[in-house]
Amino acid sequence: MNQAELDKLVEAPNSWHMVRALAGIGLMCALLIVTTYELTFETIKQNKAEVLERAIFKVVPGAQSKTTFIVKDGQVEKLQGESNSGLKYYAGYDDSGKLIGVALEAAGQGFQDIVRVLYGFSPDKQAIVGMEVLESKETPGLGDKIEKDETFLKNFEALDVSLNESGDNLKNEIIFVKNGTKANPWELDGITGATISSKAIAAILQASASQNMPFLNQNIENFKQQ
Amino acid sequence: MNESLSFIFINACLVNNFVLAYFLGICPFLGVSGNIGTASRMGGAVMFVMLVSSMCAYGIHLMLVAIDAPYLQLISYIVVIASTVQLVEMIIKKFSPALFRALGIFLPLITTNCAILGLALFQTNKGYDFIQSLIYALGAGAGFTIALVIMAGIREDLDIADTPKVVRGTAIVLMVAGMLSLTFMGFAGLGG
Amino acid sequence: MNEANNKLDTNTFIKGLWKENPVFVQVLGMCPVLAVTNSATNGMAMGLATAFVLIMSSTLVSLLRNFIPKQVRIATFILIIATFVTVAEYLIQAISIDIHKALGAFISLIVVNCLILGRAEAFASKNSVGKSILDATGMGVGFTFALLCLGGVREILGTGTFFGIQILGASFEPWILMILPGGGFFTLGAWLLLFNYMKERKAAKMQEATA
Amino acid sequence: MTTVVAKKTFDHGVHPPTFKDGTVKREIRQFPFAKVLIIALSQHLGAPAKAIVREGQEVQRGEKIAESGGFVSVTMHAPVSGIIKKIGWAPSLNGKMVNSIFLEPFPASGQTIEPSTPCDVDTASADEIIAAIQEAGIVGLGGAAFPTHVKLKIPEDKSIDTLIINGVECEPYLTTDHRVMLEQQDDIFMGIRYILKATGAQRAIIGIEANKPDAIISLREKIPAGLPITVEAVKVKYPQGAEKMLITALLGREVPSGGLPADCGSVVVNVATTAEIGRLLPMGRGIIERSITITGPGVEKIGNYLIPIGTPLRYALEQAGLKKNATRVILGGPMMGFTVSSLDVPITKGTSGLLVLTDHESQLTIRKEYACIGCGYCLDACPIFLNPSRMGRLAKFEQYDAMEKEYNLMDCFECGSCSYVCPSNIPLVHYFRVSKGIIRDKKASA
Amino acid sequence: MNVLNKTLEIRTSPHLKSAVSTDQIMMHVVIALVPTTLFAIYAFGLAALLILSVTTFTAILTEHIYCRLNNKETTITDWSAAITGLLLGLTLPPALPLWMAALGSVASIALVKLLFGGLGYNIFNPALGGRAILQAAFPVAITTWHPAFLADRFSSIPSSSFAWPFTTGTYDAVAGATPLGNMKFNQVSTDVTDMAMGLTSGSVGETSAVLILLGGAYLVARNMMNWKIPVVIFITVAILSGIVNFFNPNTPTPMFMLLSGGMMLGAVFMATDMVSSPVTDRGIIAYSVIIGIMVTVIRLWGGLPEGMMYAVLMGNAVSPLLNRSLKSRVYGTGKKGGAK
């Protein structure tokens, strides 16, 4: 260590230098962040929208376009701009603009943590026509079969969620059955070895469907305008 | 989904233990787990700082949403956590010298503890409200303390064990952590 | 600081790869090392992101080293690091949402990776820009290499694939343990064991040679 | 033989085989004099005695040859009439050389003892009795060889309510106390009278293990009228004869850690010591011989012998006869006794037994050592509830501080129960002895 | 007399030793496992025989090779490796591919035992540690059960047993379900007598509660097992599940809890492992209570049907803490020591 360095060490704290350094660097950092944010904003937005659209089109097979709705004061409204609160309904339409399904999110406890899924409801079939796991920490290779297992995903070609006579709840609860014993359209055929995770999906869908299906059926007209 | 408080607590504490499932706070976990007394004090300090910084993070998040500047999230969290720790250190020093003696040396270490920042980020991502955030912080802190104290107990035993020379040090601690992580897998599915 | 010390030599770069490897030797920045290395891709992405932040922040710190007063240096370092982490996070999101989703909050947690602050404090703030970049690159590559080692082993045994490509045959029964948290601890432990073993052997050989 | 049922005891402890049958029926017999007797000046705890004879001087049997070197020290008497050959170094049990008086007996002497000034139990004061006990050279004959008068001198701030006479003799093989209780009952009661007076205790309890029913019954029958003495049977268990364990068994009290029996209102005196007091004080004499069990698979003529102090082991074993395969010579019992490295060591006042083991027994104790498997046997054995398992590991890894501060190492009195039960054959007591030494040294140098 | 001139043996006291030694304790544990092992082979046939031989042999071999590599005297003579191998085998499903069983055995010995310093120093029970590793590595294979008492069990071997190393096994028939699995996923209870006698499906050696208890009684009689551990675990589980069952009759009865799954084998042979359980009296009680609580909680509220393994491992993990914090009161200290 030479003399110059030693001098620097014993130099008294200079508050002007400190303020200058902090302010200067803070300004520079802010500039850097904002620039990056502005530069990447559009791409990211597009990426995210694509991902969401991909998922929606997957759970509402045949859909070509979508519109997002929210519920405000008990009324279904088209979502203007961005919103982070409340449940969103994604209506999917075919080429001709006809409503073929509504996608919505549901979540519940899985084996390890919360599982978030997106599922599509077809008003014509009165059935769940698609399900996609958005987020799960289920055991890889075991619980995560709910995302990949083909026989399991077959359950969602048409999972019956038709309403009871008074229209305030499901006619038949979505129930979980052991692999290979599915007998009714409202039963969910489980995955061997991943019983808990597949059972969790059944519970999540049952909870969400019994809550949302009566509402969706009542307000289905509102979703029809694209 | 509106998660129940008991679920949040059990999940953060046991099922998805910050150290053993998320690997958050590994540095102090490896560094300060040699002695049970130290470990439990460190755990207490972390829990305390977690509670405080969780509250701060909740406030900052509200503010950032209000001014629509999500890109400042990380930078403001880290700055606030660092200054909170400083502030807490000063306050404790002034009002409870005994507590300061017990926790003092750990507080600066906590600033760079990723468990604290991780907690703030996770609670924001999960969209917890104020009470949920507090419970989450409490659970995470308790989980961290449990893991740290158990590890300290085991390491005190390993100090007087005939372990092969090549595994001594960090390697054996990681092996123990692996076994603990497997053990905590037994808690999966709890809390629902 | 004398002239010889200031020379850009290969050792500044090489030491981060092996002799002072941040993961296997210095055991720094453990949290991302373990958390995201359940596949080679994730490990690689994390390693590159960390290297990016490391190099950028080291450069800036080194550039500004005479401008920053000692008293506020840690605060400014953290500020600089956090900035580059935010930048990295947005860049990754722009490049691939999937990678961003896989790494999750751990990108943000690069901020508290002791390696970066450590290099800024111990090296960049005292050395020339060129040297600092070299050092940061060495450390960054070493870190990425370590993450790749971990991620590779964990992915190959845990899923039978490497960078997503099936390499162990379709009938391979994956060791799911390896991609679980426990497997992360075990794998890193095993790597450290290997390093210890090699060190021991080297020491024993040296002793033999002198004896 | 009638049996006695005993309920009183302490918690934990072990049940080693007793091996007492061989000698218990053999009456105490007088042993001949060796060619040279070696009277160590330091055969008790405390300061060595000071020789008051010179080389070449002739002494009478029973004559005082050394005076106490302080309060914690006792007088020595000539065990035989003879001539002082030398005053110099002689080997002792622990391998150190100690200053000793070498005494060569007159071969033709009648070995009578000259009369001296007696101490009358009815007229003497407590202090006079204590002084007389010191003058008689009496130390704890149970093995510790702690000067008895020091023990009986109760500090001002403490008081004693119960005197416990220790007739337990829990060490396997040894039967000398048992024989004393059968053969010297009057001496024991006389000794109790002295001690009661010296300590101010209101009552005396003679505690005897239930495996000595003959001693219990006959002592009970012979209690002189008017004396506050009871004889109580205690369970057969090792280390029932340890002071602390006997106090707990009989009184339900505990001696505080680091304290003395006086801290819980009692004092414990060995039965043979008591008998010595009762026999010597009325005549004003000193200890010149003691009864010792010479036994073990390696000995031809096992039995209880009254042996002059200072008899070299070699002479004692020659007389008793050694078997060919004898390997280990132990002073004391098998649980706490020490192996001797040299047969030139003399018998001292503290020697209660001479045990000789052969190859066969030796093999049983030299077994492969395993790591501690945490079976917990030692915890269940330790009479003072220590954790020998943990302390053994700490000692192995040289963490003496933790042993002392967290695991109460210093309370260990080295009874050997933990080592006895340890299936991994870890030399626990040895570790603790060494560790205690290291800690004491560290404290002394600090 | 020349005997007196030979060199004397110098040893520290005590000069007596009780007869029991570590290798004997270990050997008796193996003996106590014999009835369970024989019944396992009777119930599951050649599959069980194979799996038990593979785990035991691999465990012994691993330990032997390790000792040889380190130029140490082999430690297989202390029987502990055999116990680990045998116990691991008893906790595995009968039709598990043998290569997995062997791998588990290697993990048990190498990772959970030898890395920690070998017999006496391992923190976790090696057999359970190995099983936990297997469970995490191959969650499907290890929860695929094989029916007991198949007619051809002595003539044929499940094809999955001989799966090529590192490949997935193909399973023959419809897998059998364990009583716990039935309870958890199908709300079907199993007859208590069947479970006590071992007529149900499950891991190789966990099915017969009666024989396991017999083995335990043998060890207790020889003072080679701390009876408090299983007893306190049973009591804790019975009380907890009894309370829950009282308020919600759909939950398993205490009897069901005690007799199903790995409860018996775990409580009698795993939790009582001397090395990985606490040594202090109060520590042992706390340890057992913790295991009892944890197994009940996992079974009743957790995601997994069985939690015995995790409960015992958790007990092992906190043992060092319990040993330190729950010491016995040393004679002459504390409340009693001060009193006169």
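One table, with the values for the structure above:
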{"item": "Qualifying strands (runs of 3 or more DSSP E) (wholly inside region A:52-122; at least 1 residues being touching a residue at least 40 places away in the same chain (Cβ under 8 Å) and within 13 Å of chain B (Cβ to nearest Cβ))", "result": "A:99-109, A:114-122"}
{"item": "Neighbours by Cβ (under 9 Å, 6+ apart or cross-chain): first from region D:104-119, open to solvent by less than 100 Å² (accessible area, probe 1.4 Å); second at pLDDT below 80 and not acidic (Asp, Glu)", "result": "D:Pro105/D:Gln111"}
{"item": "Those residues of region D:39-57 which are of a type in the set (A, V, I, L, M), open to solvent by 20 Å² or more (accessible area, probe 1.4 Å) and out of contact with any Asp or Glu (no Cβ under 6 Å at 6 or more places or on another chain), in sequence order", "result": "D:Leu45, D:Ala47, D:Ala51"}
{"item": "Residues within region D:392-423 that are under 30 Å from the mean Cα position of the chain (by Cα) and either in a loop (DSSP other than H, G, I, E, B) or of a type in the set (A, V, I, L, M) (or both), tallied", "result": "13"}
{"item": "Residues within region D:137-167 that are outside any helix (DSSP H, G or I) and touching a strand residue (DSSP E or B) at 6+ places or on another chain (Cβ under 8 Å), tallied", "result": "18"}
{"item": "Residue under evaluation E:Ile123, criteria (1) within 14 Å of chain D (Cβ to nearest Cβ); (2) part of a helix (DSSP H, G or I), criterion not met", "result": "(2)"}
{"item": "Pick from region D:1-25, criterion under 16 Å from D:Cys415 (Cβ atoms) and open to solvent by 70 Å² or more (accessible area, probe 1.4 Å), ranking: modelled with the lowest pLDDT", "result": "D:Asp11"}
{"item": "Residue check, E:Gly216 of a type outside the set (S, T, N, Q), within 25 Å of the chain's Cα centre (by Cα), open to solvent by less than 10 Å² (accessible area, probe 1.4 Å) and at positive phi", "result": "no"}
{"item": "Qualifying residue in region C:37-46 (condition: in contact with a Phe, Trp or Tyr (Cβ under 6 Å, 6 or more places away or on another chain), assigned to a helix (DSSP H, G or I) and in contact (Cβ under 8 Å) with a residue 60 or more places away in the chain)", "result": "yes"}
{"item": "Positions within region E:265-284 being among the polar types (S, T, N, Q) and over 17 Å from E:Val295 (Cα atoms), in sequence order", "result": "E:Ser276, E:Thr280"}
{"item": "For E:Thr296: the one exception among (1) without any contact (Cβ under 8 Å) to a residue 60 or more places away in the chain; (2) polar (S, T, N, Q); (3) open to solvent by less than 20 Å² (accessible area, probe 1.4 Å)", "result": "(1)"}
{"item": "Verdict on B:Thr183 being facing another protein chain (nearest Cβ under 10 Å), more than 14 Å from the chain's Cα centre (by Cα) and surrounded by fewer than 24 Cβ atoms within 10 Å (Cβ to Cβ)", "result": "no"}
{"item": "Residue satisfying all of: in region E:232-252; open to solvent by 40 Å² or more (accessible area, probe 1.4 Å) and in contact (Cβ under 8 Å) with a residue 40 or more places away in the chain; nearest to E:Ala209 (Cα to Cα) among these", "result": "E:Ile235"}
{"item": "Criterion violated by E:Cys67 - all others in (1) within 14 Å of another protein chain (Cβ to nearest Cβ); (2) surrounded by fewer than 18 Cβ atoms within 10 Å (Cβ to Cβ); (3) touching a residue at least 40 places away in the same chain (Cβ under 8 Å) satisfied", "result": "(3)"}
{"item": "Any helices (runs of 4 or more DSSP H) falling wholly within region C:58-119 and containing at least 1 residues that are open to solvent by 20 Å² or more (accessible area, probe 1.4 Å), within 13 Å of chain A (Cβ to nearest Cβ) and modelled with pLDDT of 90 or more", "result": "C:73-95"}
{"item": "Output for region D:306-341, where each listed residue is within 7 Å of chain E (Cβ to nearest Cβ) and open to solvent by less than 10 Å² (accessible area, probe 1.4 Å)", "result": "D:Leu317, D:Ala326, D:Arg328, D:Val329, D:Ile330, D:Pro334, D:Met335, D:Gly337, D:Val340"}
{"item": "Residues that are touching a residue at least 60 places away in the same chain (Cβ under 8 Å), part of a helix (DSSP H, G or I) and over 20 Å from E:Leu92 (Cβ atoms), drawn from region E:260-290", "result": "E:Ser288"}
{"item": "Conditions (1) in contact (Cβ under 8 Å) with a residue 40 or more places away in the chain; (2) surrounded by fewer than 16 Cβ atoms within 10 Å (Cβ to Cβ): number failed by A:Asn184", "result": "(1)"}
{"item": "3 or more residues under 12 Å from the mean Cα position of the chain (by Cα): qualifying helices (runs of 4 or more DSSP H) within region B:1-99", "result": "B:26-31, B:36-67"}
{"item": "Breaking point among (1) surrounded by fewer than 24 Cβ atoms within 10 Å (Cβ to Cβ); (2) within 16 Å of the chain's Cα centre (by Cα); (3) within 21 Å of D:Cys415 (Cα to Cα), for D:Gly252", "result": "(2)"}
{"item": "Every residue from region E:128-140 that is facing another protein chain (nearest Cβ under 7 Å) and not β-branched (Val, Ile, Thr)", "result": "E:Gly129, E:Ala132, E:Ala136, E:Ala137, E:Phe138, E:Pro139"}
{"item": "C:Glu155 assigned to a helix (DSSP H, G or I), of a type in the set (D, E, K, R) and surrounded by fewer than 22 Cβ atoms within 10 Å (Cβ to Cβ)", "result": "no"}
{"item": "Qualifying residues in region A:64-119 (those that are over 18 Å from the mean Cα position of the chain (by Cα) and hydrophobic (A, V, I, L, M, F, W, C)) - the one surrounded by the most Cβ atoms within 10 Å (Cβ to Cβ)", "result": "A:Phe111"}
{"item": "Test: residue in region E:300-317 that is of a type outside the set (Val, Ile, Thr), open to solvent by less than 20 Å² (accessible area, probe 1.4 Å), within 14 Å of chain B (Cβ to nearest Cβ) and within 25 Å of D:Lys405 (Cα to Cα)", "result": "yes"}
{"item": "Matching residues, region A:108-135, being among the aromatic types (Phe, Trp, Tyr) and over 17 Å from A:Ile191 (Cα atoms)", "result": "A:Tyr119, A:Phe121"}
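Listed here are the residues, each with its yes/no results for (1) under 21 Å from B:Val167 (Cβ atoms); (2) without any contact (Cβ under 8 Å) to a residue 40 or more places away in the chain.
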{"position": "E:Ala81", "(1), (2)": "yes, yes"}
{"position": "E:Thr84", "(1), (2)": "yes, no"}
{"position": "E:Gly89", "(1), (2)": "no, no"}
{"position": "E:Pro93", "(1), (2)": "no, no"}
{"position": "E:Leu103", "(1), (2)": "yes, yes"}
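Listed here are the residues, each with its yes/no results for (1) surrounded by fewer than 24 Cβ atoms within 10 Å (Cβ to Cβ); (2) at pLDDT below 95.
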{"residue": "D:Ile192", "(1), (2)": "no, no"}
{"residue": "D:Gly200", "(1), (2)": "yes, yes"}
{"residue": "D:Ser257", "(1), (2)": "yes, yes"}
{"residue": "D:Ala262", "(1), (2)": "yes, yes"}
{"residue": "D:Gly265", "(1), (2)": "yes, yes"}
{"residue": "D:Leu280", "(1), (2)": "no, yes"}
{"residue": "D:Arg285", "(1), (2)": "yes, yes"}
{"residue": "D:Gly296", "(1), (2)": "no, yes"}
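The values are calculated or read from the model by the stated rules, or taken from the named source; none is laboratory data. Bear in mind the structure is a predicted one, so any value in this text is a computation, not a measurement. Because the Cβ atoms are built from the backbone with ideal geometry, glycine has one as well, and the counts that use them run over all protein chains shown. These area figures cover heavy atoms from the full protein model, side chains too; ligands, DNA and RNA do not enter into them. Shrake-Rupley method; radii C 1.70, N 1.55, O 1.52, S 1.80 Å.
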